[in-house]
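The values are calculated or read from the model by the stated rules, or taken from the named source; none is laboratory data. What you are looking at is a predicted structure, and each value in this text was computed from that prediction instead of being measured. Cβ placement follows ideal geometry from the backbone for every residue including glycine, while neighbour counts extend to all protein chains displayed.
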Number of protein chains: 4
Amino acid sequence: MIKPDKRNWKARLHEIIYEADTPAGKLFDIILLIAILASIVLVMLESVKTIDSKYHDILNIGEWIITILFSVEYIARIVTVKKPIKYITSFYGVIDLLSTIPKYVSILFAGSHALVALRALRLLRIFRILKLARYLGASNNLVSALKASRAKIFVFLFAVLIMSIIFGTIMYMVEGEENGFTNIPKSVYWCIVTLTTVGFGDIAPQTPLGQLIATFIMILGYGIIAVPTGIVSAEYTHQSKPKPVSENDLVNLNTQACPSCSSEKHKDNAQFCYNCGHKLNHG
Amino acid sequence: MIKPDKRNWKARLHEIIYEADTPAGKLFDIILLIAILASIVLVMLESVKTIDSKYHDILNIGEWIITILFSVEYIARIVTVKKPIKYITSFYGVIDLLSTIPKYVSILFAGSHALVALRALRLLRIFRILKLARYLGASNNLVSALKASRAKIFVFLFAVLIMSIIFGTIMYMVEGEENGFTNIPKSVYWCIVTLTTVGFGDIAPQTPLGQLIATFIMILGYGIIAVPTGIVSAEYTHQSKPKPVSENDLVNLNTQACPSCSSEKHKDNAQFCYNCGHKLNHG
Amino acid sequence: MIKPDKRNWKARLHEIIYEADTPAGKLFDIILLIAILASIVLVMLESVKTIDSKYHDILNIGEWIITILFSVEYIARIVTVKKPIKYITSFYGVIDLLSTIPKYVSILFAGSHALVALRALRLLRIFRILKLARYLGASNNLVSALKASRAKIFVFLFAVLIMSIIFGTIMYMVEGEENGFTNIPKSVYWCIVTLTTVGFGDIAPQTPLGQLIATFIMILGYGIIAVPTGIVSAEYTHQSKPKPVSENDLVNLNTQACPSCSSEKHKDNAQFCYNCGHKLNHG
Amino acid sequence: MIKPDKRNWKARLHEIIYEADTPAGKLFDIILLIAILASIVLVMLESVKTIDSKYHDILNIGEWIITILFSVEYIARIVTVKKPIKYITSFYGVIDLLSTIPKYVSILFAGSHALVALRALRLLRIFRILKLARYLGASNNLVSALKASRAKIFVFLFAVLIMSIIFGTIMYMVEGEENGFTNIPKSVYWCIVTLTTVGFGDIAPQTPLGQLIATFIMILGYGIIAVPTGIVSAEYTHQSKPKPVSENDLVNLNTQACPSCSSEKHKDNAQFCYNCGHKLNHG
């Protein structure tokens, strides 16, 4: 590949932010990942009263540093993309904005209770990690196996729900309000807690008949836990079999994004964007 | 297919109610589904005291609307079928009747306690959803995999039961009444709670020896949870393999039901019912 | 097969008791099964104080009827077998004796506390059900799949145990006695309760660090629950594949037992016992 | 194989300690295993107050015997190996030292509280069992199946963690501090307890909305428990298929270790160490 001598700063910045083929692009991704993780840890620590009262100032400064960092990145993304509206209205654009503004809003409405919910908005940054998931080829097989068995798992979960409603109602009538089965929704909740083998124990049957029915529900749950596992397992066994690869499949995709329309997964030897026809930057 | 110009209202109604090939038939099914779900939500909400005391009148009116709707449907089904006795005595016929009458009975015996149980009868409508399950082809494989491994799962559950009785008796003798293991049935109940990894914690071993045996039971449960999963998984892996299809298998079944005997799964080109020989309606 | 006209009562009784090919033999097995199940139910009900104080006499009479029934069967088995010593010292012989004598002993030491343990001995009759399991061909595949993966499951459970000891000790040091982790064995017990996803909740980590470690243990447990399932599933998938059957395999085994040495699984056309050479009864 | 008549005691001791081909070597391994297990039991019993106060002297003597035994073994290992520094700095060398010294240190600082942690160090001996795991060929397949699916399981657990953080934050906002969801880390902890179907029940949702979300989390957990199982199961199914063996694979490895550099897995007919070229002892 030929490296052009002159390139404007926009194109270079675009390459760093949107692609991971160059050392600068990789470094950018790693810094971003660390910032996201630090941000999540900060939001969590702030919610712990004892820590927040002790280190409030340090947490606040840390959060401001990360907020400014994300603000700079957000502006840089808008500036370097040729169609900023498309980015701003995209899923990641909305996430980026929503997770950055809470800190600015907190100055305006300092001390108000709604800030707790606002603080949690910052956790949305976690979705940006998925953006970096382009390195994880391992998950492709997994996702397609889950997608293939989606319909079957849905049918199965629907059956579990119907069973829970029926058994929940029976338990409501057998155990009654005095044993914690206050109403049908609560009984259905207990039934799902039992069927999924979670078993909190906050509600537990007290009458012999209730315990007998509970036994039946548990053994049923034990029997049907096999079903979703069997589905995914079978699907995955078929998927992970080595497939014969034809010559046409041997195409290398790289991580660069079109500087105009942000579409990804270009072929390594592509000169123009397959989507909008814009000239691609070649590193 | 030739669409006949003149058809009496009975035949047309039959097609709407019992079949899903026409737009009217599909709309009927969707309305029915919504009515069933609304009915279930109503029964559940009625059982919650705080909601029932606040919105009692609204819930009551809603329930009357749905009850009248189901009553009309029930009568329509009887009228359009040629052999009404067969429908009335069928599983769905009984379900339809049982889930519709409670509201009428509630006028007669207003205020009595038995109404709680009557109210729950309305939840039987949930089974009618299964009737609409004809759209879900995805579940066919699932059901046949479960059917094929039925005998093995039964043997397995029987073994779990025997194990529970033996370990339950041992725990009853080790822990005794003072630690919650009041009698053998309760100990067996605890043992199943533990083996199925539900673990409510309402009863838990207190003595060191009891905890040692509990450890053994749990590790055993962990080991044998693999068995039903392995069975279904293996069965399903074999089932979901693409089978060679012979010419004879390529028969399309449609959703229409015989107007005389209600038998289903007719071949697309069938002119007469395979069961009673009655002429089929062709849309 | 030719039915001989004259056969002594011993041979006929042997056929009824030990074989299931004749109608009388099948009836005998069914009566035995009902007696065993009734016996188990009786022992369980006796342990429930409220039931025992109310229906003590009825339970007592029922237990005597069953005890006499089993006594008669035990004697009949000894009389009809040619080598009684072999039967008496066999696993089922010991079970049969141990589960029959408690009632007789209870007359001698009436009122003593040791009777509770004696009563439980009667539950040993449950193992006799396994004897009747010869009808269940479905379990053969299951048992052989479990046997084949025995070594791997053992290695796995051993690894779980080592992990539990290490994490249990860490939790003991982190949480300490004031949070319920009184000593290392109890911490190991808690660790197994958590790893196997049973989660009683009688002991739960209270400190943030303890909860962090618990989180790690749970996710680990979630990850490794896959291992035994994977083993059995894979083993079972291979086992349940249809195997090509050679001519030599097509041998029919029947349920009759040798009247001399009690060895089972004789070929249908066998004239003499493959074990001791004694002449077999042909029905 | 030719047995040389004259061999110095060092070489003979090396063979006993590091190899398991001779009867003496096997006996050494068995004694070592018993000593390790006895040591673990001792440490556990010491932590139980009632046992420690009663049998303190016996436990102390037992621990001294085992400590001296391990000390002798440690010195013997250093003496017989040609490159002692390499052994001392190796994983097992450090484990051997760390698990042996606590008892000697306990004389110097008798009565201090830090001894509890020191005592636990002795449990590190458990890792030495893994050293003896060379007999367990059964685990090879297992380990390689786990290794192959490592990346996928990591991706999966990462997804579970992200889900837990999101749902944990939602539950923190819905349930609030008054229902036990004191802060976000604690809510995330609860979420993992629920997703993994452990369900301690020390924290449980109290509000209807919280219970609804909990129901959703549980059904999700039920659905995704299938994923790691499916991965390992599929991997294992492929792995356990009989592979065609080429002539080159038919090499027998023995358990002897090089007397100079301790490298293992020598071929049966090897005369010199494949690693350092030192002459191997042939039994």
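The selection criterion, being of a type in the set (Val, Ile, Thr), surrounded by 24 or more Cβ atoms within 10 Å (Cβ to Cβ) and out of contact with any Gly (no Cβ under 6 Å at 6 or more places or on another chain), does not hold for residue B:213.
Please indicate, with yes or no, whether at least one residue in segment D:103-123 is under 17 Å from residue D:32 (Cα atoms), assigned by TED's automatic domain parsing to the domain that holds residue D:15, assigned to a helix (DSSP H, G or I) and of a type outside the set (Phe, Trp, Tyr).
Yes, segment D:103-123 has at least one match.
Checked against the criterion of being assigned to a helix (DSSP H, G or I) and under 35 Å from the mean Cα position of the chain (by Cα), the candidates B:201, B:210, B:223 yield just one match: B:223.
Kindly indicate whether any position in segment C:67-75 is over 21 Å from residue C:9 (Cβ atoms), surrounded by 17 or more Cβ atoms within 10 Å (Cβ to Cβ) and not small (Gly, Ala, Ser). Yes, that holds for at least one residue. Checked across segment D:3-10, the condition of being surrounded by fewer than 16 Cβ atoms within 10 Å (Cβ to Cβ), under 30 Å from residue B:208 (Cβ atoms), modelled with pLDDT under 85 and of a type in the set (S, T, N, Q) holds for no residue.
A residue that is aliphatic (A, V, I, L, M), more than 11 Å from chain D (Cβ to nearest Cβ) and assigned to a helix (DSSP H, G or I) occurs somewhere in segment A:183-190.
A quick yes/no check of all residues on (1) modelled with pLDDT of 85 or more; (2) assigned to a helix (DSSP H, G or I); (3) surrounded by 14 or more Cβ atoms within 10 Å (Cβ to Cβ); (4) away from chain A (no Cβ under 14 Å):
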residue: B:26; (1), (2), (3), (4): no, yes, yes, yes
residue: B:31; (1), (2), (3), (4): yes, yes, no, yes
residue: B:34; (1), (2), (3), (4): yes, yes, no, yes
residue: B:39; (1), (2), (3), (4): yes, yes, yes, no
residue: B:43; (1), (2), (3), (4): yes, yes, yes, no
residue: B:51; (1), (2), (3), (4): yes, yes, yes, no
residue: B:56; (1), (2), (3), (4): yes, yes, no, yes
residue: B:61; (1), (2), (3), (4): yes, yes, no, yes
residue: B:64; (1), (2), (3), (4): yes, yes, no, yes
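Is it the case that segment A:197-216 has a residue that's within 22 Å of residue C:222 (Cα to Cα), more than 7 Å from every other protein chain (Cβ to nearest Cβ) and not basic (Lys, Arg)? The answer is no, given that none of the residues of segment A:197-216 is within 22 Å of residue C:222 (Cα to Cα), more than 7 Å from every other protein chain (Cβ to nearest Cβ) and not basic (Lys, Arg). Pairing each residue of segment B:146-169 that is within 10 Å of chain C (Cβ to nearest Cβ) and in contact (Cβ under 8 Å) with a residue 12 or more places away in the chain with any residue that is crowded, with 22+ Cβ neighbours inside 10 Å and of a type in the set (S, T, N, Q), provided the two are 6+ apart or on different chains, yields C-beta distances under 8 Å for B:168/B:187; B:169/B:187. The selection criterion, being within 8 Å of another protein chain (Cβ to nearest Cβ) and farther than 18 Å from residue B:207 by Cα, holds for residue C:173.
Within segment C:76-97, being buried (at least 17 other Cβ atoms within 10 Å of the Cβ) and either farther than 21 Å from residue C:127 by Cα or not aliphatic (A, V, I, L, M) (or both) holds for C:77, C:80, C:87, C:93, C:96.
Test residue A:103 against the stated conditions and say whether it is of a type in the set (Lys, Arg) and out of contact with any helix residue (DSSP H, G or I) (no Cβ under 8 Å at 6 or more places or on another chain).
Values: of a type in the set (Lys, Arg): yes; out of contact with any helix residue (DSSP H, G or I) (no Cβ under 8 Å at 6 or more places or on another chain): no.
No.
Across segment A:11-24, the number of residues qualifying as at pLDDT 75 or above and part of a loop (DSSP other than H, G, I, E, B) comes to 1. Within segment B:195-210, the set of residues being buried (at least 24 other Cβ atoms within 10 Å of the Cβ) and of a type outside the set (A, V, I, L, M, F, W, C) comprises B:196, B:197, B:199, B:201, B:205.
What about residue C:174, is it assigned by TED's automatic domain parsing to the domain that holds residue C:227 and in a helix (DSSP H, G or I)? For residue C:174, the condition - assigned by TED's automatic domain parsing to the domain that holds residue C:227 and in a helix (DSSP H, G or I) - is met.
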